[in-house]
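A.B. asks: Below you'll find the structure I mean.
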Amino acid sequence: MGLLKAGKTAESAAHDTMAAAGVTEEAPRLDHPDAALRRRAVQALAGDTAQIATLVDVLRHEDTNAVRQAAFVALAGMNSADAAEGVAELLADADPALRNGALETLATMPEHAGDLLEPLGRHADPDVRIFAVLLAAELDHLDTAGWLITLAHAETDANVCSNLAEALGGSGNAGAIPVLEAIAARFSDEPFLGFAVETAIHRLREA
């Protein structure tokens, strides 16, 4: 979804014009019916670590993209373990856009997101485990191949293993080949997974 960058928006320019004209504007509130004012209320929470739970709650209930982006930017800017944990909770949400936004935001906090890989990889929901694998691929500079290999040894869901194969194929770690071969044997009745494993092994051997 692309995290918003700081800068003067049409909204802020309009606010400046109103202020210069002496026009009184309603105070921004998180529950305001105007999305522009909700966005400004969210932006006002940036940097306040006591508001992490509030920002996560905004993301769970907000349906306007600009307000969501402002909340993700605020959380990313905090760059803390608590902020990363709050964002990670959204990986289990039913909304795909929210899950993708959470993944992208976590990738901006690698030193904290890396600590969450192990618990996310043990999550009961296979979709969350897939997002953990995708996150590990984004954090490849943290040398997450070892964690991916460990997860692949125990993973029982074919879709998770398919994502594991892709991530391991791009890891450059030839030590992943035996576990990839084991995945193919474990899911011999899943042709799509066999293809993913074959592709991954080929990439590793060519690296």
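A.B. asks: Fully extended, how many nm does the chain gain between SER188 and ALA124 (0.36 nm per residue separation, minus their Cα-Cα distance)?
C.D. replies: My answer for the length gained is 20.7 nm.
A.B. asks: Could you give the length gained on full extension between ASP157 and ALA27, defined as 0.36 nm per residue of separation minus the Cα-Cα distance, in nm?
C.D. replies: Computed gain between ASP157 and ALA27 is 41.9 nm.
A.B. asks: Return one number: the angle in degrees, 0 to 90 and rounded to the nearest 10, between the long axis of the Cα atoms of helix 145-154 and the longest principal axis of the Cα atoms of the chain.
C.D. replies: Taking Cα atoms only, the helix is inclined about 70 degrees.
A.B. asks: May I have the pair-distance distribution P(r) for region 22-109, computed from all Cα-Cα distances with 10 Å bins from 0 and rounded to whole percent?
C.D. replies: 19, 52, 23, 5, 1
A.B. asks: Would you work out the relative contact order for region 22-109, in percent, from Cα pairs under 8 angstrom that are 6 or more residues apart?
C.D. replies: Here the relative contact order equals 23 percent.
A.B. asks: Tell me, what is the percent relative contact order of the chain, built from C-alpha pairs under 8 Å that lie six or more residues apart?
C.D. replies: 13 percent
Throughout, read-outs are computed from the coordinates displayed, never taken from laboratory work. Please read these numbers as outputs of a predicted model, since none were measured by experiment.
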